[in-house]
Amino acid sequence: MLSVRPRIAELVFQLYGRSLHPELFEIHQIRQIERGGYQATVQITNAGHVVTWQYGNMTLTEVAASAQHPLPQRRRLMSHRLKGTCTDQLECRSGITYHVQFSLEPVEKEAFWTYQKELTQAGEREGLLHCFEPSARFGLGAMSYVNLESRDRSLKIQAFHTFPDDYAIVKSQSVFALPGK
């Protein structure tokens, strides 16, 4: 099965106040975390990633996917097209907070390949890494790298998704945080 990315112009970044069915996505890598009373499942998918974070009866699901992807509208809390740079945050009941910052960065061809090589090397040592099949235009495929920083009261996710056809990189940083004591 080929695992190639959608076009970068189709991407959206969304947050849901519920879990989403895993069969909605083609999952390439997965990691589960349990710490400080919360649980998280982090998945690399064709278009980006899915993070499902749970604490008590609260569930938040972050999705970087294609706008063409059939995702539900119910309990969608946030939705942004991946263009330029964006920062957003949400405070949930009980003081739980979610903060996200993402950017779409076009880069020069040489810098793109250097950056992708560095991310691949980092991904081989830590975090989650998936390298995709090359498209018809290029010999090297896209890649996704997700770095996780788990603390007792927070989870920080840094995701990097490359798009060789467009010489572009999507960078995101999300923090799911429990209220301070």
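The values are calculated or read from the model by the stated rules, or taken from the named source; none is laboratory data. Since the model is a prediction, treat every value here as computed from it, not as a measurement. Glycine also receives a Cβ, built like all others from the backbone with ideal geometry; neighbour counts cover every protein chain displayed.
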Cβ-Cβ under 6 Å, sequence separation 6+ or interchain: first residue in the stretch 61-88 and under 14 Å from LEU20 (Cβ atoms), partner among the small types (Gly, Ala, Ser) and part of a strand (DSSP E or B). Which pairs?
GLU62/SER174
Specify the residue that is nearest to SER172 (Cα to Cα); the eligible residues are those in the stretch 98-118 that are hydrophobic (A, V, I, L, M, F, W, C) and touching a residue at least 12 places away in the same chain (Cβ under 8 Å).
PHE102
Run down VAL63, VAL42 and say which single residue is in a strand (DSSP E or B), under 17 Å from LEU104 (Cβ atoms) and in contact with a strand residue (DSSP E or B) (Cβ under 8 Å, 6 or more places away or on another chain).
VAL63
Log entry, pairs with first residue in the stretch 163-181 being among the aromatic types (Phe, Trp, Tyr), second being in a helix (DSSP H, G or I) and surrounded by fewer than 16 Cβ atoms within 10 Å (Cβ to Cβ), beta carbons closer than 7 Å, six or more apart or on different chains, reads TYR167/LYS109
If we ask which residues in the stretch 119-137 are surrounded by 12 or more Cβ atoms within 10 Å (Cβ to Cβ) and either aromatic (Phe, Trp, Tyr) or within 21 Å of GLN173 (Cα to Cα) (or both), their number turns out to be 10
Applying the selection to the stretch 45-60, what residues are part of a loop (DSSP other than H, G, I, E, B) and closer than 25 Å to LYS171 by Cβ?
ASN46, ALA47, GLY48
Qualifying residue in the stretch 140-156 (condition: surrounded by 12 or more Cβ atoms within 10 Å (Cβ to Cβ), more than 13 Å from the chain's Cα centre (by Cα) and at positive phi):
no
Name the strands (runs of 3 or more DSSP E) wholly inside the stretch 70-181 in which the number of residues that are of a type in the set (S, T, N, Q) is 2 or more.
85-91, 97-106, 143-150, 154-163, 168-177
Members of the stretch 19-51 that are of a type in the set (A, V, I, L, M) and either within 19 Å of LYS156 (Cα to Cα) or under 11 Å from the mean Cα position of the chain (by Cα) (or both)
ILE30, ILE33, ALA40, VAL42, ILE44, ALA47, VAL50, VAL51
For THR41, the lone unmet condition from (1) in contact (Cβ under 8 Å) with a residue 40 or more places away in the chain; (2) in contact with a Lys or Arg (Cβ under 9 Å, 6 or more places away or on another chain) is (1)
Quick check on the stretch 30-79: of everything there that is over 22 Å from GLY123 (Cβ atoms) and hydrophobic (A, V, I, L, M, F, W, C), which residue is modelled with the lowest pLDDT?
ALA67
